[in-house]
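Below: one structure, written as C-alpha cells.
Read-outs: derived from the displayed coordinates by stated rules, not from any lab. All values derive from a computational prediction rather than experimental measurement. In this analysis, Cβ positions are derived from the backbone assuming ideal geometry, glycine residues included, and neighbour counts consider all displayed protein chains.
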Amino acid sequence: MKIVVAIKQVPLRDSPLRVNTAGTWIEEDHLSFEINEPDAYALEEALQLREKHGGEVIAISAGPARVSQTIREALAKGADRGIHVEVATFDTLHVANLLAAALKTEAPDLVLTGLQSDDLGYGQTGVILAELLGLPSSTIIMQVEVHPGKVRVKRELEDGWFQHIEMPLPAVLTIQSGLNKLRYATLMGIKKAKSKELKLVSAAEGPPASAVIEKLYAPEKNQQGQIFDGDPKAAAAKLVEKLRFEARVI
C-alpha cells in the first residue's frame, strides 16, 4: 500500500512574529521552524497503516529550501522517502497544483494531510488536492480502517456527533489532530534518514501562482471600544444600532 502524506513547515508556535520591511510577509531570518502539528498526526496515521498493511509512506512538502529539514524529520520518524516541491508562494491553489503534478506519477492508494496549517489555517489544501487528482475525499477524520479496495472512516461533526463513511481507494483524507499519540524520531531513525531518497521538484514545472500577498500588517490599536451595561436585551439593541448606523456592517 502506497501512502503519501502532505506535510507543511511552519514557525514554532512561540516564535516572535514581525512583519518584514516590505510588508509582504513575516520576517523569517531569526525564526525556527517545525512540522505542522496536524500534519504530524497525518504522518503518524500513515506510519501505523503501513505497519498494519505493509507498503511505503512518502512525505511530500512544498516550500523553500529549508523545507527539506522538515521532510528529513518525517523520514527520521519512519517515512520511506520524500518529495520536496521547491516553491516560495503561499497560494493554496498553486501549491495544490504543484503537489498534484508531483503525485501523478506516484499513483498512491491513499493521500493524507492535516486538517489545516498552524500558520495560515486555510484548511483547503487537502480538498483542493483531491479535486485536482480526481479522487474522493473526506475531512476531519478521527479513525481510518483500510479494507480491500476501500476505506472506512470516522468523521467528527458538531456537538459530539460523528459520521461513518466508506469510500473507494484511492482517496484523500484530512486528519484531525489528536487521532494518535505522536512518535519521536529515534537516533537510528535520524541516521537512516540521511540516506533515504529525497526528490527535488522545481516549481517551474507547474502553473504560475494565481494569488499573491500584497500587504501584511498588524491591526491598529485604538480606544474606540465600548461596553454596554444594564439589561442584556437593551444592550443588544444598542449594539445592533451601533453596527447598523455607525459601523454600517449590517
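Counting only alpha carbon atoms, the long axis of helix 67-77 and the longest principal axis of the chain meet at about 60°. Put a plus charge on the Cβ of each Lys and Arg, a minus charge on the Cβ of each Asp and Glu, and nothing anywhere else: the dipole of the chain about its Cα centre is then about 480 debye. Label separation (residue 229 vs residue 28): 5.1 nm, computed from points 7 Å beyond Cα along the C-beta direction.
Remark: 245, 90 ranked as 245, 90, counting other beta-carbon atoms within 10 Å and listing the fewest first.
Straight Cα distances below 26 angstrom link residue 77 to the lysines 2, 8, 52, 104, 154, 181, 191, 192, 194, 196, 199, with same-chain residues fewer than 8 positions distant left out. Each stretch of four or more DSSP H residues adds -39500 (n - 2.57); spread over every residue of the chain, this sum gives -8500 deg cm²/dmol at 222 nm.
If you restrict to DSSP beta bridges whose two residues both lie in the stretch 109-250, what percentage is antiparallel, to the nearest 5?
For the stretch 109-250, the DSSP antiparallel bridge percentage is about 60.
The stretch 107-165 and the stretch 1-65 have Cα centres spaced 17 Å apart. Evaluated at q = 0.09, 0.16, 0.17 Å⁻¹, the base-10 log of the normalised Debye intensity for the chain, with identical point scatterers placed on the Cα atoms, takes the values -0.48, -1.14, -1.25. Working ranking of peptides 234-244, 33-43, 163-173 by packing, defined as the average number of other Cβ atoms within 10 Å per residue, highest first, is 33-43, 163-173, 234-244. Diffusion coefficient (Stokes-Einstein, Kirkwood radius over C-alpha pairs, 4 °C, 1.567 mPa s) for the stretch 74-221: 74 µm²/s, rounded to a whole number. Helix 232-245 versus the longest principal axis of the chain: what is the Cα-based angle in degrees, 0 to 90, to the nearest 10? Taking Cα atoms only, the helix is inclined about 90 degrees. Placing unit charges on each Cβ (+1 for Lys and Arg, -1 for Asp and Glu) gives the chain a dipole about its Cα centre, and among 24, 93, 239 the Cα reaching farthest toward its positive end belongs to 93.
Pairs of Cα atoms nearer than 8 Å and 6+ residues apart set the relative contact order; for the stretch 2-205 it is 26 percent. The DSSP beta bridges internal to the stretch 2-205 are antiparallel in roughly 40% of cases.
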